[in-house]
Amino acid sequence: MEYLKRRYGAEKFIAYFQAFTNTYADVDTLKARYDEALLNKDVIGLSIGTRPDCITDEILALIYTYTKKYHVWVEYGLQSIHDRTLQLVNRGHDYDSFEDAVIRTKNRGGIKICVHVILGLPGEDRNDMMETARTVSSMGIDGIKLHHLYIAKDTAMAEDYANGNIKILKVEEYVSLACDFLERISPDIVVQRLVGDTHGDSLIAPVWKATKGEIFAAITNELKHRNSYQGSKYTPSYPALP
């Protein structure tokens, strides 16, 4: 945190439980970990990444207790609303489990919801991805993180990619799809991420020469070129959660 304070002038922080599934433990263990993160007076909130099939009502009740004093987010890895895609990429959960998790989280009140979506998943076309955009936007979520599909070493997808069974987006294609996606989500949704990345030398593809900053700029410029913006094609009447 001291480094971030010096470099960016940051004063307050949200503790991000990012890697793996951060609700996959008993309540006492989770409470101890969350409490430890909040010991620093400069930490004003929690952001807890998890899977939609790994959130019980008991754990939601624990997370809710922090909302009285802190900013609290739960981040659900959805990636796509299409069950055929979730099965193909071996997510291990279906769309219904995601919808159930969102409903139960929203019913608690006070917990903000962020959803992770991947553009360019195997077997999906533009219409599939835009259907995901419209559906998640209709659910009343608070934030979204967009990622492009990348292939990492020592994964099942790496073998499929090597065999020519997976097409990877070019940076120009991703920029266009990201803009299409942004146009179809509510302007009230906070876009917390526009592109993902890998760590170390695990990346196989795509090897884009553009930096994150250049991709952000390309998305901004494309929206300007279209004379468009987030929510310009948003449909509030799209079927929402019951």
For this session: Would you check if Lys145 is within 18 Å of the chain's Cα centre (by Cα), more than 18 Å from Asn90 (Cβ to Cβ) and not acidic (Asp, Glu)?
Result: yes
Exercise. Restricted to segment 168-187, and to residues that are in contact (Cβ under 8 Å) with a residue 40 or more places away in the chain and assigned to a loop (DSSP other than H, G, I, E, B), which residue is farthest from Leu119 (Cα to Cα)?
Worked result: Pro187
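Matching residues to (1) over 22 Å from Ala178 (Cβ atoms); (2) among the aliphatic types (A, V, I, L, M):
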residue: Gly77; (1), (2): no, no
residue: Ile81; (1), (2): no, yes
residue: Arg84; (1), (2): yes, no
residue: Gly92; (1), (2): yes, no
residue: Ile113; (1), (2): no, yes
Exercise. Which of the residues spanning segment 188-226 are of a type in the set (Lys, Arg) and either crowded, with 16+ Cβ neighbours inside 10 Å or outside any loop (DSSP other than H, G, I, E, B) (or both)?
Worked result: Arg193, Lys212, Lys224, Arg226
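State the number of residues belonging to segment 6-43 that are among the small types (Gly, Ala, Ser) and either touching a Lys or Arg at 6+ places or on another chain (Cβ under 6 Å) or under 20 Å from His71 (Cβ atoms) (or both). Break it down into steps so the answer makes sense when it comes.
So the first thing to find is which residues in segment 6-43 are among the small types (Gly, Ala, Ser), and the list is 9-10, 15, 19, 25, 32, 37.
Checking which are either touching a Lys or Arg at 6+ places or on another chain (Cβ under 6 Å) or under 20 Å from His71 (Cβ atoms) (or both) leaves us with 9-10, 15, 37.
Of the residues in that region, 4 qualify.
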Problem set entry | Residues located in segment 28-68, provided they are surrounded by 15 or more Cβ atoms within 10 Å (Cβ to Cβ), in contact (Cβ under 8 Å) with a residue 24 or more places away in the chain, over 21 Å from Asp96 (Cβ atoms) and small (Gly, Ala, Ser) | Gly45, Ser47
Problem set entry | Residue match in segment 102-120 (condition: part of a helix (DSSP H, G or I) and under 15 Å from the mean Cα position of the chain (by Cα)) | yes
Seminar exercise, completed: By residue number, the members of segment 186-242 that are within 16 Å of Thr132 (Cβ to Cβ), at pLDDT below 90 and among the polar types (S, T, N, Q) are Thr235
For this session: Would you be able to say whether some residue in segment 20-38 is aliphatic (A, V, I, L, M), touching an Asp or Glu at 6+ places or on another chain (Cβ under 6 Å) and part of a helix (DSSP H, G or I)?
Result: yes
Problem set entry | Cross-chain or 6+ apart pairs with Cβ under 6 Å, segment 85-113 first and farther than 14 Å from Thr56 by Cβ, then of a type in the set (Asp, Glu) and surrounded by fewer than 15 Cβ atoms within 10 Å (Cβ to Cβ) | Asp94/Asp83; Tyr95/Asp83
Exercise. Residue check, Met130 against (1) within 27 Å of Thr56 (Cβ to Cβ); (2) assigned to a helix (DSSP H, G or I), all met but one. Which one?
Worked result: (1)
Seminar exercise, completed: Selection from segment 119-129 of residues in contact with a helix residue (DSSP H, G or I) (Cβ under 9 Å, 6 or more places away or on another chain) and either polar (S, T, N, Q) or surrounded by 18 or more Cβ atoms within 10 Å (Cβ to Cβ) (or both) yields Leu119, Gly120, Leu121, Glu124, Met129
For this session: Return the only residue of Tyr95, Tyr150 being buried (at least 20 other Cβ atoms within 10 Å of the Cβ) and among the aromatic types (Phe, Trp, Tyr).
Result: Tyr150
Problem set entry | Hits in segment 18-38 - residues which are modelled with pLDDT under 95 and in contact with a Leu (Cβ under 7 Å, 6 or more places away or on another chain) | Thr23
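The values are calculated or read from the model by the stated rules, or taken from the named source; none is laboratory data. This is a predicted model, so every value here is computed, not measured. As a convention, Cβ positions derive from the backbone with ideal geometry for all residues, glycine included, and neighbour counts pool all protein chains shown.
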